[in-house]
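**Q** Before we start, here is the structure in question, set down as structure tokens.
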Amino acid sequence: MEDTTSLLRHTTVLLDEAVDALLGGAGPSPAGTWVDATFGRGGHSRRILERLGPQGRLVAFDKDPEAIQEAARITDARFSIRHEGFRHLTDLPAASAAGILMDLGVSSPQIDSPGRGFSFRFDGPLDMRMDTTRGESVADWLASADVGQIAEVIREYGEERFAGPIAKAIVAWRTERGPLRTTAELAQLVAGAVKTREAGQNPATRTFQALRIFINAELEELQVALEASLRVLAPGGRLVVISFHSLEDRIAKQFIAQHSKEVYDRRAPFAAPQPMRLKALERIKPGAAEVEANPRARSAVMRVAERTEVAA
């Protein structure tokens, strides 16, 4: 029997709602290939496997080595995982997926592990990479980026009003004391640069979010994966996207809206329009009971769309 001890450390948001939306209309024993594009700690994947029939298959993606270790605990022959970001949906065959789920949240074990450097609540190395086996850490990037580059990242990805003062403080710290190396150092610096604070929010929240999104190219990867989903989904296949901040949700919302309408070529006004490629189905937020039990769910938004019969 599978040991579920480690699962207690993470509560999957919108677990049943997401799986119900993904498998909706597939019947009581779904076959075909399904995709969990962001395995995380496997809550959604395990629930999907419980629902799939003997001929069903589940392909998961994740670039976090710890997620890959967790996935190795799943011994179900219908399951496989790729140690890659979900931009690699592009590698799947056209019209091969019966449904694709993207849960864009950072898992609790990632946030709560000081060694990962995602949170200002714990002192640890200023890393923030989803894949710790490759790429540049936040500390490495901040050691060489100039004031303008740092301010732009914090402003664009964190929607932080004090991006300029924070960037100047980072470079001043670097000049006087050497590069920032820990989360505590960065949180202390930001607290001194942010003059007004939002009620109930640590002043470092937006800066940490911005640096994590940037260093992992999260928004760019989401855009690539969404575009790939149009080719990979079979007609009638569901696309389910769970986002946790406005930047991600805006991208998902605009993508679904863009492809949920007929497109007219203004250069050929009498030509038949290009038919819509998606049908928007619903927008769901966690209920009060889920938010009370898991406060990290409060910002989640789930959007559901269905691939139309237009050829991929």
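The values are calculated or read from the model by the stated rules, or taken from the named source; none is laboratory data. Small disclaimer: the values here were computed from a predicted structure and weren't measured. Because the Cβ atoms are built from the backbone with ideal geometry, glycine has one as well, and the counts that use them run over all protein chains shown. To get the accessible areas, we keep the full protein, side chains included, count just its heavy atoms, and leave off ligands, DNA and RNA. Shrake-Rupley method; radii C 1.70, N 1.55, O 1.52, S 1.80 Å.
**Q** Using a cut-off of 20 Å between alpha-carbon atoms, which lysines can reach K253, once sequence neighbours fewer than 8 places away in the same chain are excluded?
**A** K261, K279, K285
**Q** Cut-off 10 angstrom, C-alpha nodes, Gaussian network model of the chain. Which of A169, A199, A31 fluctuates the most?
**A** Judging by the Gaussian network model, the answer is A199.
**Q** Work through the residues other than V194 whose Cβ is under 14 Å from its Cβ and net out their charges, Lys, Arg +1 and Asp, Glu -1.
**A** Value of the local net charge: +3.
**Q** Turning to a different aspect of this structure: Quick check: convex hull of the Cα atoms in segment 23-62, volume per residue, rounded to a whole Å³?
**A** 59
**Q** Relative to the longest principal axis of the chain, what angle (0 to 90°, nearest 10) does the C-alpha long axis of helix 183-193 take?
**A** Once rounded, the angle reads 70 degrees.
**Q** Okay, moving on. So, taking all protein chains as they sit and a 1.4 Å probe, how much accessible area belongs to T205, in Å² rounded to tens?
**A** 40
**Q** Between S96 and Q149, what is the label-point separation in nm under the 7 Å Cα-to-beta-carbon projection?
**A** Those two pseudo-labels are separated by 3.7 nm.
**Q** Grab the eigenvalues of the alpha-carbon gyration tensor for segment 100-141, scale each by 5, take roots, and send me the semi-axes largest first in whole angstrom.
**A** Computed over segment 100-141, the values are 19, 15, 7 Å.
**Q** Tell me the relative contact order for the chain as a rounded percent, counting alpha carbon contacts under 8 Å between residues six or more apart.
**A** Normalised by residue count, the contact order of the chain is 18 percent.
**Q** Something else: Taking Rh as the Kirkwood radius, which is the inverse of the mean 1/r over Cα pairs, what is the Rg/Rh value for segment 1-119?
**A** So for segment 1-119, dividing Rg by the Kirkwood Rh gives 0.95.
**Q** Where does helix 147-158 land angle-wise versus the long Cα axis of the chain, in degrees 0 to 90, nearest 10?
**A** Tilt relative to the chain: about 40 degrees.
**Q** Using the alpha-carbon centroid of each, what span in Å lies between segment 26-100 and segment 156-204?
**A** What the calculation gives is 38 Å, centre to centre.
**Q** Pick out which of D146, D112, D64 has the largest mean-square fluctuation in a Gaussian network model of the chain, springs linking Cα atoms closer than 10 Å.
**A** D146
**Q** Filter the trypsin sites (Lys or Arg not before Pro) in segment 65-134 to those in DSSP coil with at most 15 other Cβ atoms within 10 Å of their Cβ, and list the result.
**A** R73, R121, R134
**Q** Now a separate question. Leaving out ligands and nucleic acids, note down the accessible area per residue over segment 19-126 with a 1.4 angstrom probe, in whole Å².
**A** 38
**Q** Now a separate question. Add -39500 (n - 2.57) for each DSSP H run of 4 or more in the chain, then divide by its residues: what number comes out at 222 nm, to the nearest 500 deg cm²/dmol?
**A** After summing the helix terms and dividing by the residues of the chain, the value is -11000 deg cm²/dmol.
**Q** Right, next: Ranked by accessible surface with a 1.4 Å probe, highest first, in what order do H44, H83, H245 come?
**A** Solvent-accessible surface, decreasing: H83, H245, H44.
**Q** Averaging over all projection directions, find the projected area of the Cα convex hull of segment 208-260 and quote it in nm² with one decimal place.
**A** 3.9
**Q** Along the three principal axes, how long is the chain when you take its alpha carbons, biggest first, rounded to the nearest angstrom?
**A** In descending order, the Cα extents are 62, 62, 38 Å.
**Q** Output wanted: per-residue J couplings in Hz (rounded whole) for segment 237-251, from phi through Karplus 6.51 cos²θ - 1.76 cosθ + 1.60, θ = phi - 60°, x for Gly and Pro.
**A** x, 9, 10, 10, 10, 10, 10, 10, 8, 5, 5, 5, 5, 4, 5
**Q** Could you give the angle, 0 to 90 degrees to the nearest 10, between helix 218-232's Cα long axis and the longest principal axis of the Cα atoms of the chain?
**A** Computed tilt is about 10 degrees.
**Q** Roughly to the nearest percent, how much of the accessible area of the chain is carbon and sulfur, given a 1.4 Å probe?
**A** C and S fraction of accessible area: 51 percent.
**Q** Also, I was wondering about something else. I need the fraction of alpha carbon pairs in segment 58-164 separated by more than 20 Å, rounded to a whole percent.
**A** Value for segment 58-164: 55 percent of Cα pairs lie more than 20 Å apart.
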